[in-house]
Amino acid sequence: MKKLLFLGILAIGITIPTTSLLAQNSVDNPDNSDPPGLRRPPELNKPIIPEPPSPTTPTEYLYPDNSAKPVLQMITKERAIGQLRQGLNLKNARLVTYADYIKFKSKLGGDSIENAQVHPNRRVWLVEIDAPNGIDVAQRVRDEKTPRLEKFKKSKILMVVDAETGDRLSIDIAENQ
């Protein structure tokens with residue numbers, strides 16, 4: 001019993017002075033940054049936490065801006081188009097910026113998902129292809145080992161090819177009704 005009473009008085013004896021010391025420190029130092037004798041200039045009191053880059057605007061692009069490069073350093077239209085399958089008709093192929101492609105795609109009613117690895121000023125080949133008889137596209141199903149063919153009826157295909165590397169950045173297929 002004496003031990004329990006002693007421990008209770010000891011806890012109260014430590015708690016009261018500590019609480020009053022902390023209360024006095026908060027009155028003297030309302031921003032709780034440094035003890036009164038060690039004040040820093042106000043600009044140094046702010047914590048230095050770097051802002052993470054936004055996922056929609058990366059600081060380094062996998063496909064950076066190439067708009068300053070001469071056209072002679074870009075791949076040719078023929079290489080961008082490649083070999084068209086039988087039954088497909090080339091409608092148009094033009095050199096545009098990636099931002100222009102996104103605008104064009106949204107005007108057609110397509111989704112507005114952008115590839116965050118491609119700089120908006122990156123030059124790309126926008127290839128428009130008509131498939132008047134439709135096109136078969138391999139669709140992989142999760143549990144099946146081999147993909148099955150899905151038939152798109154009369155379709156329009158938009159293919160985006162990087163003008164510098166020749167990499168295919170996007171292929172969109174839309175059925176025409």
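Results, tabulated for the structure shown:
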{"item": "Length added when fully stretched, Lys145-Gln73, from 0.36 nm per residue minus Cα-Cα", "result": "21.8 nm"}
{"item": "Solvent-accessible area, 1.4 Å probe, carbon plus sulfur percent, for segment 68-171", "result": "48"}
{"item": "Derived scalar couplings ³J(HN,Hα) [segment 77-90; Karplus, 6.51 cos²θ - 1.76 cosθ + 1.60; whole Hz; x for Gly, Pro]", "result": "4, 4, 5, 5, 6, x, 8, 7, 5, 5, x, 9, 10, 6"}
{"item": "Charge sum, other residues only, whose C-beta stays under 11 Å from Gln117's C-beta, Lys/Arg counted +1 and Asp/Glu -1", "result": "-3"}
{"item": "Residue-by-residue Karplus 3J(HN,Hα) for segment 132-140, coefficients 6.51, -1.76, 1.60, Hz, glycine and proline x", "result": "x, 9, x, 8, 9, 10, 6, 10, 8"}
{"item": "Trypsin sites (Lys or Arg not before Pro) within segment 65-124: DSSP coil, no more than 14 neighbouring Cβ in 10 Å", "result": "Arg85"}
{"item": "Per-residue HN-Hα couplings for segment 156-164 [Karplus 6.51, -1.76, 1.60; θ = phi - 60°; Hz; x = Gly/Pro]", "result": "10, 10, 10, 10, 10, 10, 4, 6, 9"}
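The values are calculated or read from the model by the stated rules, or taken from the named source; none is laboratory data. Since the model is a prediction, treat every value here as computed from it, not as a measurement. So basically every Cβ, Gly included, is an ideal-geometry build from the backbone, and we count neighbours across all protein chains shown. The protein model used for the area step is the full one, side chains on, heavy atoms only, and it has no ligands, DNA or RNA in it. Shrake-Rupley method; radii C 1.70, N 1.55, O 1.52, S 1.80 Å.
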